[in-house]
Amino acid sequence: MALLSTLTGIIGFGMGVPFGLLLGFYFFIYSKPKIVQEPITRRVNQLDNTALLNLLHDIPLWVKCPDYERVDWLNKIIADMWPYLNKAICASIRSMTEPMFAEYVGMFQIKTIAFENLSLGTIPPDIYGSKICETNENELVLEPAVRWAGNPNIVLVVKLLTFRITIQVVDMQILVAPRVTLKPLVPTIPCFANASVSLLKRPEIDFGLNVLGGDLMSIPGVYHIIQRTIKMQIASLYLWPQSLEIPILDPSTVAINKPVGILHVKVVRAHKLLKMDFLGTSDPYVKLNLTGENLPAKKTSIKKRNLNPVWNEQFKLVVKDPKSQVLQLEVFDWDKVGTHDRLGMQFVPLKLLTANETKEFKLDLLKHTFIANPYDKKPRGNIVIELTYAPFREESIKVDGIGDILSRKESSQDRPSENSNEVLSGAGLLSVTVQGAEDVEGLRHNNPYAVIRFRGDKKKTKKIKKTRHPLWNEEFQFMLEEPPLNDTIRIQVMSRRKGIGFHSKECLGKLDINLTDVVHNGRINTKYHLRNSKNGKIHVDIKWTTV
């Protein structure tokens, strides 16, 4: 009996192996992907208690969390646009994957890799809650919760030698919580320059993967390996603070130059100026400014009855683009009555300067900016100036945000402790941006504007009529010889109406800010409660950049 059972087993094994190989080869060659069917749905009132309890975790966020809003209108828009979005997304997927597939053609005896079917199905994603996050930055932050239980029909065909292998993705389910940041907000349609997308947590992704007619995800261990790999790859790319940056507008159309340094100008003297007065003299003074700025020009003192004046006066100008900006100098003859006569002018491109090096220029004055003007033969004298361009420190001009905070911490750990004192010494630029105010209310009128007072200097924002929530978004700059460690800056919200009277002006609230934290941290961006105001707040962004 033992010999008979052994022979029977050998014969069965010999017959089973060829039969199994033949059957496997048949399925390998002739298997086709299944047709994706519409899912069966039932109303909630038709479900039993067990099914309802299982659905509790799928209740929309706008029911469970009060800060999430119901966005049925947005889901309606997505549903109506889904046939077109489906085609557009699939076309993008094809264009992105074709170069990737082409790299593998010819390797491992692979002849072709292509999509036989590519469709995301008829069921659109569902946004089951969304909220808007308020920040102090110039941005708009949206946090939608997206859920998609779709019926995609994705079939990938790989031709290997003479074999045709089909891979089909079915029953895809995705649960993702992205954060969409639209920044910076700019006065150009669509009013934001970039969209940044990041994930607040690892997404939940589930799908079936049919290979040669069999479900690969049913193999023990394969499902968890694929799930873990997908989550790790997505997390490494887009999990906060990593993000996907999508440019919306051309950078050249929304470029906002920020200060990058300070130009030190010393007006030394002038020689052989024109005689403009009746007695054969002139009363000269110099105006200087940088092109591309709408700020008032700086002026030297007036030297009475002098054709060879000596000033030795120093000025500081904020530089935003040292490659394109030009220093413009104009020498005028001061007149007590009427307009002042221009004696001559000159200009110096900042690209001629080397950072942190003082350079002296002796410039012949011209009538116009045209250097080779054949009609300008009259000598107008010359002027001597000294220029020094001092750029800000690298850590002072980095992009604001989490990257700025992390980089500042890293740089402070890398530098020796004795170098930290350098930040607390030397000249710099104090930038004060008054963004807006909330709930400012006057007793008689509400036409608010902000007044900034610092070291005897006074600056004002524009006046906005008839509002309790003004938005100014105006920046003011103060150039200082040393950090304002022991200084405070006062900001008042005032209201003014036309006419003259006892109540034409009214204070809606005020605020004093100590600048010590600004010097140590480089920036503060906060909403402050206004004194002498019931609920009034003001949003102020203050930066200190050092040379």
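With the other protein chains left in place, how much accessible area per residue, in square angstrom, belongs to the stretch 58-247 at a 1.4 angstrom probe?
Averaged over the residues of the stretch 58-247, the accessible area is 60 Å².
Carbon and sulfur: what percent of the stretch 428-546's accessible surface (1.4 Å probe)?
Working: 2790 of 6090 Å².
That fraction is 46 percent.
Mind checking the full-extension length gain between residue 111 and residue 87? Use 0.36 nm per residue of separation minus the Cα-Cα distance, one decimal, nm. Walk me through the intermediate numbers first.
Numbers: separation 24, 0.36 × 24 = 8.64 nm, distance 2.70 nm.
Gain on stretching residue 111 to residue 87: 5.9 nm.
Whole angstrom only: what separates the Cα centroid of the stretch 469-525 from the Cα centroid of the stretch 80-122?
Between the Cα centre of the stretch 469-525 and that of the stretch 80-122, the gap is 57 Å.
Rounded to the nearest 10 Å², what accessible area does residue 62 show when all protein chains are kept and the probe is 1.4 Å?
80
Amide H to amide H under 5 Å from residue 262: which residues, 5+ apart in sequence or cross-chain, H placed 1.01 Å off N in plane?
Excluding prolines and chain starts, which carry no amide H, the hits are 319, 390, 392.
Once the piece of chain linking residue 268 and residue 535 is laid out straight, how much longer is it, given 0.36 nm per residue of separation minus the C-alpha distance between them?
On the way: separation 267, 0.36 × 267 = 96.12 nm, distance 5.31 nm.
Contour length minus Cα-Cα distance gives 90.8 nm.
What ranking do 538-545, 314-321 get when scored by the average of other Cβ atoms within 10 Å per residue, highest first? Intermediate results must be reported in sequence, preceding the final value.
Numbers: 538-545: 22.1, 314-321: 17.8.
Highest mean packing first, the order is 538-545, 314-321.
Just tell me which lysines come within less than 26 Å, Cα to Cα, of residue 505; anything on the same chain fewer than 8 places away is out.
Counting by Cα, and skipping residues close in sequence, residue 505 has these lysines nearby: 458, 459, 460, 462, 463, 465, 466, 527, 534, 537.
Given H placed on each backbone N at 1.01 Å, which residues far from residue 381 in sequence or on other chains put an amide H within less than 5 Å of it?
Excluding prolines and chain starts, which carry no amide H, the hits are 365.
How much length, in nm to one decimal, is gained on full extension between residue 295 and residue 222, taken as 0.36 nm per residue of separation minus their Cα-Cα distance?
Details: separation 73, 0.36 × 73 = 26.28 nm, distance 6.65 nm.
Going from the current span to full extension adds 19.6 nm.
Going from most exposed to least, what order do 384, 63 have by accessible area with a 1.4 Å probe?
If we order 384, 63 from most to least accessible, we get 63, 384.
Over 19 Å between Cα atoms, which of 266/378; 275/303; 336/367 qualify? Working shown, then result.
Numbers: 266/378 26 Å; 275/303 13 Å; 336/367 22 Å.
The answer is 266/378; 336/367.
Using a probe radius of 1.4 Å on heavy atoms only, what accessible surface per residue do you get for the stretch 428-546? Whole Å² is fine. Write out the running numbers ahead of the final one.
Working: 6090 Å² over 119 residues.
I get 51 Å² per residue for the stretch 428-546.
The values are calculated or read from the model by the stated rules, or taken from the named source; none is laboratory data. Predicted model, so just to flag it, every value in this text is computed and none were measured. Please note: Cβ atoms are built from the backbone with ideal geometry, for glycine as well, and neighbour counts cover all protein chains shown. The protein model used for the area step is the full one, side chains on, heavy atoms only, and it has no ligands, DNA or RNA in it. Shrake-Rupley method; radii C 1.70, N 1.55, O 1.52, S 1.80 Å.
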